[in-house]
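I have a structure I would like to understand better, so I am pasting it below and will then ask my questions one at a time.
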Amino acid sequence: MKRSIFRLFQASIITIFGFAANSVFAAYGICLKKEISADGSAWYDANTQAEAVLITDTAFFRFTVSKCPDNPGGLNNIVLTDDLIGLTQSIEDLPHSTTEWPERIFTTQVDGYCDGQGYKENVAQVTALNQYGGEVAPDSDNAWAMCEDIPTGGEGCTPGYWKQSQHFDSWAVDTNTTFAEVFGRSIEIRVKRQGKVYEPTLLEALNAIGGQVNMAARHATAAYLNAMNSGVMFDITPASVIEAFQSSFDNDNYGVLIENLVNLNEQGCPLN
């Protein structure tokens, strides 16, 4: 009987100290992912200027806080801050576990986020204490926006419109103007029946086939022509179109640029 009691006591001590050891020596790490949106439904990580999301006035931000992979230790006193938007937010604790990896998601809407035109970056940070009160290395994440004035008309003509010869009279520049003259970047594209074309004209850029730089060149050219035409109530200025393409080209990242310009160019063409 005494031996059985001793073994039970021994097993309890091992269990208690084993749990304590696992907790004390657990790895602790907190991770933050920050996303931006123009409408609160389509979210973008936007960590680089090339991925900047077009914002006219109101911006939405989503913050996801979690324990980092391979860091099971519990986290308390979690605080999310974003100085540019005046945010200080307490986040629910993350429990100690080697099997559960919950996320804490916080969203906020910032009216009047864009108080001028151009690119805007802001950085958020998250801090925490481990379950014993020790400080954990903070984490941060950023988000880029391309700020524009509130749209005045919501109109835009597609690349297909601008490349048709009967519409050349709507061009504000000569069709033989080179892409590099306008956008300040030398590109190589693919054009049907021509193959690879280096230093294309704007008209050749409108006829580029394929994705990536080809699609970016098509829609950047159309967006530029829309912005230059007084008969089109286009959402952004010629300078903003040029700056957006240059940033995407320099970072070799065209995804967000293409999505933004496609949406702008396909709003509806008011020209004959």
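Counting just the residues of region 42-88 that are free of Cβ contacts under 8 Å to residues at least 24 places away in the same chain and touching a Ser or Thr at 6+ places or on another chain (Cβ under 9 Å), which one comes out farthest from ASN142 (Cα to Cα)?
Only one residue fits best here, namely THR88.
Which count do you get for residues in region 102-122 that are among the small types (Gly, Ala, Ser), more than 18 Å from the chain's Cα centre (by Cα) and in a strand (DSSP E or B)?
Final tally of qualifying residues: 0.
Moving on to the next point. Just checking, which of ASN130, ASN76, ASN122 is touching a helix residue (DSSP H, G or I) at 6+ places or on another chain (Cβ under 6 Å) and of a type outside the set (A, V, I, L, M)?
ASN122
Right, another one. Any idea which of (1) surrounded by fewer than 18 Cβ atoms within 10 Å (Cβ to Cβ); (2) under 32 Å from the mean Cα position of the chain (by Cα); (3) not in a helix (DSSP H, G or I) is the one ASP174 doesn't satisfy?
So the condition that ASP174 fails would be (2).
Next question. Out of all the residues in region 243-265, is one or more farther than 30 Å from ILE36 by Cα and assigned to a loop (DSSP other than H, G, I, E, B)?
Among the residues of region 243-265, not one is farther than 30 Å from ILE36 by Cα and assigned to a loop (DSSP other than H, G, I, E, B), which makes the answer no.
Okay, next question. Sort out which residues of region 189-239 are assigned to a loop (DSSP other than H, G, I, E, B) and of a type in the set (A, V, I, L, M), and write them in order of number.
As a first pass, look at region 189-239 and keep what is assigned to a loop (DSSP other than H, G, I, E, B): 192-194, 199-200, 207, 209-212, 229-237.
Across region 189-239, the qualifying residues are ILE209, VAL232, MET233, ILE236.
Next question. Please determine whether any residue of region 100-113 is crowded, with 19+ Cβ neighbours inside 10 Å, touching a Leu at 6+ places or on another chain (Cβ under 8 Å) and not basic (Lys, Arg).
The answer is no; no qualifying residue exists.
Follow-up. Step by step: first the residues of region 133-148, then only those that are small (Gly, Ala, Ser) and under 17 Å from the mean Cα position of the chain (by Cα), then the one that is surrounded by the most Cβ atoms within 10 Å (Cβ to Cβ). Which residue is that?
Looking only at region 133-148, we keep the residues that are small (Gly, Ala, Ser), and these are 133-134, 137, 140, 143, 145.
Now drop any that are not under 17 Å from the mean Cα position of the chain (by Cα), which leaves 140, 143, 145.
Working: SER140: 13, ALA143: 27, ALA145: 24.
Taking the candidates together, the pick is ALA143.
Among the residues in region 121-132, are any surrounded by 15 or more Cβ atoms within 10 Å (Cβ to Cβ) and modelled with pLDDT under 90?
Yes.
The values are calculated or read from the model by the stated rules, or taken from the named source; none is laboratory data. Because the structure is predicted, anything quoted here is derived from the model rather than measured. A quick note on method: Cβ atoms are made from the backbone with ideal geometry, for glycine too, and the neighbour counts reach across all protein chains shown.
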